[in-house]
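Bear in mind that the values in this text are calculations on the coordinates, not laboratory data. None of the values given here were measured: they were computed from a predicted structure. Don't worry about glycine lacking a Cβ; one is built from the backbone with ideal geometry, like all the others, and counts go over all protein chains shown.
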Amino acid sequence: MPKTMGLLGKKIGMTRVYNDIGAVIPVTVIEAGPCKILQVKSEATDGYNAIQVGFGDKKAQRVNKPLAGHFKKAESDGFYNIREFRVSSAAEYQIGQDITLSELFKIGDTIDVQGVSQGKGFQGVMKRHGFKGGPGGHGSNFHRAPGSIGCSAWPGRVVKGKKLPGRMGNDTVLKKNVLVIDVRDDDNLIIVKGPVPGAKQGLLKLFSK
């Protein structure tokens, strides 16, 4: 498991910026942090080094009692999102500590962004796997179907892993080596080049290199 520190964020949307020579660069705006450390896990007590962070403030009256006690240790009312990040050493972190954007990322860095892709429901093989499909006209009666999937006498079954219709999207996707275009620490915004997984307002994990 990689020992990688990071932040939780929320996808705001996409826009464009212009570089020094006037070329258009498509970018994604992400609201990242600040994240508060809720728990520190060490190899001695938990078997691995990690920190648990919270993101997205939640009102105290909306938190159940077990979580309220957990959040109280960090002197916080509550958070909507709780995730872990593996770290090389847990000794340098403490409960209640805030992790901000400028501590981890700067302009020109390449980072990894993880999110849940947009769900597209149950889809056929042409949209899900890019099948060509059959002729469009002349009475072929074969247009968007997957075609034959069976075998002969041996093995006499459908082999595992066939590309068939099914649920598309709603998967955890990690996009690597995303270039940081701008960091606006006062607004907790980071601007990265190109698209990132997920819908608007979706939760993202940003990993530093």
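Per residue, the average separation of C-alpha pairs within less than 8 Å and at least 6 apart gives region 117-209 a relative contact order of 31 percent.
Legend: translational diffusion of region 125-168 by Stokes-Einstein, Rh = Kirkwood radius over C-alpha pairs, 37 °C, 0.692 mPa s; D = 271 µm²/s.
For region 118-200, trypsin sites (Lys or Arg not before Pro) meeting the loop criterion (DSSP other than H, G, I, E, B) and having at most 16 other Cβ atoms within 10 Å: K120, K132, R144, R157, K160, K162, K163, K200. Applying the criteria of a DSSP loop state and at most 14 other Cβ atoms within 10 Å to the trypsin sites (Lys or Arg not before Pro) of region 1-95 yields K3, K59, K73. Note down the nm distance, to one decimal, between modelled labels 7 Å out along Cα→Cβ at V173 and at C151. About 3.3 nm separates the two model spin labels.
Projected label points at E92 and K200, each 7 Å from Cα along the beta carbon direction, are separated by 3.8 nanometres.
If the segment from H129 to L164 were pulled out straight at 0.36 nm per residue, it would be longer than the present Cα-Cα gap by 11.8 nm. Only Lys, Arg, Asp and Glu carry charge here, each on its Cβ (+1 for the first two, -1 for the last two); on that basis the chain has a dipole of about 1440 debye about its Cα centre.
Between Y18 and H138, the simple spin-label model (points 7 angstrom out along Cα→Cβ) gives 5.2 nm. Taking Rh as the Kirkwood radius computed over C-alpha pairs, what is the Stokes-Einstein D of region 1-58 at 37 °C in a medium of viscosity 0.692 mPa s, expressed in µm² per second? Value of D from the Cα-based Kirkwood radius: 227 µm²/s. Neighbour counts of other Cβ atoms within 10 Å put D185, D20 in the fewest-to-most order D20, D185. Applying the criteria of a DSSP loop state and at most 11 other Cβ atoms within 10 Å to the GluC sites (Glu not before Pro) of region 1-85 yields E75. Derived from the Cα gyration tensor, the three semi-axes of the equivalent ellipsoid of region 15-109 are 32, 19, 10 Å, largest first. Listed here are the pairs K106/K200; K132/K175; K41/K127; which of them are more than 32 Å apart at the Cα? The pairs that break the limit, which is 32 Å between Cα atoms, are K41/K127.
Contact order, relative form, for the chain: 30 percent (alpha carbon pairs under 8 Å, 6 or more residues apart, mean separation divided by residue count).
Region 145-162 and region 1-67 have their alpha-carbon centroids 44 Å apart.
Students often get this wrong, so try it: which of (1) 16.7; (2) 10.3; (3) 19.5 is mean projected area of the Cα convex hull in nm² as calculated from the structure shown? Here mean projected area of the Cα convex hull in nm² agrees with entry (3).
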